[in-house]
Structures are given as structure tokens and as C-alpha cells.
1. For a quick check of your reading of the model, give me the residue pairs whose first member lies in the stretch 424-439 and is in the same structural domain as residue 468 (by TED's automatic domain parsing) and in contact (Cβ under 8 Å) with a residue 12 or more places away in the chain, whose second is more than 12 Å from ligand 1 (Cβ to nearest atom) and in a loop (DSSP other than H, G, I, E, B), with beta-carbon atoms closer than 6 Å and at least 6 apart or on different chains.
2. Hey, among 577, 553, which residue is over 30 Å from residue 392 (Cα atoms) and touching a helix residue (DSSP H, G or I) at 6+ places or on another chain (Cβ under 8 Å)?
3. Please verify whether residue 514 is outside the structural domain of residue 369 (by TED's automatic domain parsing), within 14 Å of residue 472 (Cα to Cα) and touching a strand residue (DSSP E or B) at 6+ places or on another chain (Cβ under 8 Å), treating the condition exactly as stated.
4. Restricting to the stretch 440-469, name every residue that is away from ligand 2 (no atom under 16 Å from the Cβ) and touching a helix residue (DSSP H, G or I) at 6+ places or on another chain (Cβ under 9 Å).
5. Quick one: is residue 385 crowded, with 17+ Cβ neighbours inside 10 Å and touching a strand residue (DSSP E or B) at 6+ places or on another chain (Cβ under 8 Å)?
6. Listed residues 192, 146; which is part of a helix (DSSP H, G or I) and modelled with pLDDT of 90 or more?
7. Name the residue, out of 392, 421, that is assigned by TED's automatic domain parsing to the domain that holds residue 581, within 16 Å of ligand 2 (Cβ to nearest atom) and surrounded by fewer than 20 Cβ atoms within 10 Å (Cβ to Cβ).
8. In this structure, does residue 407 turn out to be in the same structural domain as residue 585 (by TED's automatic domain parsing), within 16 Å of ligand 2 (Cβ to nearest atom) and in contact with a strand residue (DSSP E or B) (Cβ under 7 Å, 6 or more places away or on another chain)?
Ligand SMILES: Nc1ncnc2c1ncn2[C@@H]1O[C@H](COP(=O)(O)OP(=O)(O)O)[C@@H](O)[C@H]1O
Ligand SMILES: [Mg+2]
């Protein structure tokens, strides 16, 4: 296996800026009409900006200067002019307000769509994907990476269009007013751009550092929170604070440097634009005295010199943010594009009933199932016969976890897998579930290679109580019903009774309606495990996989639920992985695994008679772990 994908995804820099920007635009296309309106508003706003500066030349030359020195000046035309100008400003302000409002709707809607697509895609990802990403990393995609796209859409895109239009409009107006003065203003503008680029580069390198240190801090905090009990139990608090301080110091240093440069950009630009302003004023005054240009034109021109620097330095200040947004978007798209769990299996599980002779498919809920091959329509009754044939498997290339494992479970048999931690027991269940696919050999289910069975059908036919199970936020009832969403309350309660979970549930404050919080931390581990068993029970699957289902239950409780389990196991094929050998004694076959290979197999008596590893484990002379 190559480098885990997340390392390729979590880069702070965007690789392909044009493609990513184009991709963001493609998301915007669902807001076509709003965008057209926004575009029109931006043009109007930019033009009113350009026009408002242009107004000053005629205002001074045609409306004010003619009145200067008059004893009883007629102000009406002047006032009308002012009202006209105010109306234009007002228009600019209004369209500006409208498009910002629209952009916030568009950007929020776009993020909504991206988040939705991201989550839907993640649901399709393989177990391997989740095994190779930490929670923190995955959460980052939803929080920082998606959120950071917003300013790009809401602020930077409109600003870029606005800048383009106002800049070209202003340039055009300046050229018509005075090409000579334009030359001076543009020369200084180029200086502003150069400085912005240089300072921006410096601040960006620190900015990337800030990003990294912030993610270090987040990772560390997450780890310490998750391990809060260990921190306390090992009195690690001081050490934990000391380490945190180190990350925090690094973050502070990078932030200060990044800010120093970012903050210096604005004053530098402002001062440069004052110089430009003064230069234009001095030169303009001389030209005015020489009669080359009118006083009003200088007034307009001066406003333009101020106006052109603003958007450019504004955009350059947004540059860091834009790059971050694009990098964030690229990471999100990287996940959305990453391959989902492949499923070439075509054979599906269908309900069947006794027909005239052979079984026939039915839409009724009959409790009887068959594997249906859609290609030829053939039906194979679901019996629960599972066989592993010469299965070899490695999670990572070169590190074989299972080595030539063969075993079979006939319908209704109970097969126990025992062996030390890390022997490969859970891996066998991962393969039967097709969380991972076998690399050599094959697994058959009722004679069908499980690679040909659609994963959803395969998993529906398997009831699993995983070694580390999760409960979800919701009531106890909701959590049991997770095993079968169609189950009625009565069926859920019946399942809980079968799993012997009913007695503790009835003692909970709200019984079956008790809310479980964050993975059921308000229950004991044994109680959580009982709920998991109830959850598997309600699914009523023909094949059960119990991975150390009773390992966190005390021997006394175990005895109680064993009776329930026996009922649960009746008529089903069961794979049971157990810590305590007492629970596997009555298994039809016990498979002893070591380092991924089967070293002994047989029933309890046979294995004891062999006086091998199982014998030693059973007698307690060999440690299971
Ligand atoms: N997702 C995984 N990625 C890589 N290696 C794994 C993964 N899960 C388990 N392993 C490795 O496979 C071996 C068998 O693990 P497992 O089947 O969980 O053992 P058991 O359930 O018998 O304790 C161990 O060496 C373990 O480190
Ligand atoms: Mg295990």
C-alpha cells in the first residue's frame, strides 16, 4: 500500500488552482439566476463608483466655478446636480447591498451542497478509509476546509470582478482626463502592486506556518481530551500543559510574524497612495496653471488616483485567504473524488416462499431468503454455510495477517475462533463482512463467492457484534432498532429480552426511552455490549458474528446472558470469538489461531485430548494475551 491518502490530501497549498476554481464555479451554477443578478449589480456598483468620481470635473467646472464671485448666485442648477449625484450614489449603495445579500445566500447554499455531497460520499467510503484517517482529520473536512471556501465565494469573487470593472473604467476616465497624469498615477500604482506582492509573499510563508501550528494544536488538544482519563490516572497534567505550551508558543511566533507582515501592507500602501496623490496634485496644479487641464478635471483625477489603489491592495490582502480557500476546496474535492468502496457483487438477497416445486421470489416478508443472481434469475436458498478456502490476507503489503486459512461453518453450526490478541480473529470477521477483500483464496456463502454478492445484501444477512461497537445519540430503543429499521417497538423489546438486556433497561430512568449520550457513556461497558447484542438480535440474521461480545461482561452477567445467547444462536450459523474459553466449550468446532495461521482445530474434547496449545490455554498454563 502506498502512502496513506490523507497525507496527499492534507496539504496547505493548492496544486491546481485553475481547475479548483473552475470546480467551485461549477457548484455555483445551480444559482444561475441569482448570479446573473449579482453580476449586473456588481457592474452597476462599479460603474457608479467610476461615475461618482467623474462627476466632480463638471460639478466644479460647470456648476461651481461659474457661480464664483457672483453677488446673487442662482443655486438651483447646482442643487439639482447634487441631488442627481446623490441618487447615483444611492443606486450604488443599494445594488451593493443587494448583491452582498445575494452572495451570502449563494455562498451558504454552495457550502450546503458541498457538505451534503461530502457526507454522502463519505458514507460510501470503505472501512479502510476510516481505518486510515483519524476523527480529527475527517472533522477538519467539514469544519475548516468547507467553511474556508465561503469568503472566496462571498467576498473574493465579487471583489475581483468589481476591481476589474472599476479599474478599467477608472483607467479609461483617467486617460480621457489626462494621459500625462495617468502615466504618473500608473507608475506609482505598479509600485503599490510590487510592494503588495513582496510583502504578501513574506507573510504567506508565515501564514502556512500558522496553519500548521494551529492544526498541531488541534490534534494535540483532541488527543488530550480523548485521553482525559489517562491524563488524570497517570498524573500527566503538568506534562500535558508543558507540551501544549510548546505548540502554543510556536503558533504565537508564527502568528506574530505573519501579522507583522500582513499589517504592514496596509500602511505601506496607504503611504504610497498619498505620495501618488501628492505627485498628481503638484503636477496637476502646474498643468492647470499652464491651462492644459481644468480645475474640475484635477479634482476628478485625484479621486481616481485614490480609487484605483484601494481595490488592488484590497485584493492583495485577500490573496492569502483566497489561496487558503482554494487549498481547502481542493482537499474537500480530493475526498469527494476519492474512490468509494467498490462493489462488483451482483447477487442480491430476496424474500422467497414455497412455490409449486421450487422456491419463488416474493415481495412479502416471509422470513425465508434466497440469493438471487440477476443475470439468470436463479435462486439459491440462504442457509448460512460459510467457508474460507486458503485465505491469505494482509492489510499492508508484505505484512501477512492471515496465512492460508481454511475453515467451514455448516448451517447452524457454532464455530469458535480463539487465539492471542493480534492472531487475526477480528480480521477473519472483517473479511466475511467484506470490510476488506481477500487477496488470495476465497470465501463462499452458500456456495457463492462473496465477491459476487452485493455488499449490502451480504451484510444484511450477517449479524455482527463488533469488538468495539458504537452506540449512537438517541434512545435505547433507537439504538436497538438500528439493527433493523423496520422493527416495531415490541420486536425491539423482544430482542432485548432474548439478549437479557431487558432487565437493566427497565431499571434505567426512562426505560427504553432513556437517551444515550456520546457513545453511551452513561451506560457501563457491559450494558453497552448487551445493547449491541440486542441490536444484532433484532436484525434476526441467519449468520451471527460475535467478536468478544461478552469480554467486557463480568462472569456472573455472562452466565445470565449466555442462556439468552444460546437462544439467539439457535438455528443460526455463529462465529464466536471469545476471550473466556468457557464460552466456547459447546462449539461444534474450535479453531485456534496463532500469527494468522490455524494451528489446531477440533471440538473441546478433541482439543483437550491433543494436549496442545488449546489444552494449555484451557488449563491456564498459557496466557491468552
Ligand atoms: N485496519 C488494520 N490495518 C492494519 N493492520 C491491522 C488492522 N487491523 C488489524 N491489523 C493487524 O492485524 C493483525 C491481526 O489483528 P486482529 O485480527 O484484530 O487480531 P485479533 O482480533 O485476533 O486480536 C494485528 O497484527 C493487527 O495489528
Ligand atoms: Mg479482535
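The values are calculated or read from the model by the stated rules, or taken from the named source; none is laboratory data. For clarity, every value in this text was computed on a predicted model and none was experimentally measured. With ideal geometry, Cβ positions are generated from the backbone for all residues, glycine too; neighbour counts draw on all protein chains shown.
1. Listed pairs, sorted by first residue: 431/438.
2. Details: 577 fails: over 30 Å from residue 392 (Cα atoms).
Every option except 553 fails the conditions.
3. Yes.
4. Residues of the stretch 440-469 away from ligand 2 (no atom under 16 Å from the Cβ): 440-463.
Within the stretch 440-469, 442, 443, 444, 445, 450, 458, 462, 463 meet the criteria.
5. So residue 385 fits the description; yes.
6. Sole residue among the options that is part of a helix (DSSP H, G or I) and modelled with pLDDT of 90 or more: 146.
7. Just a single option satisfies the conditions, and that option is 421.
8. On the way: in the same structural domain as residue 585 (by TED's automatic domain parsing): yes; within 16 Å of ligand 2 (Cβ to nearest atom): no; in contact with a strand residue (DSSP E or B) (Cβ under 7 Å, 6 or more places away or on another chain): yes.
Taking the combined requirement at face value, the residue does not satisfy it.
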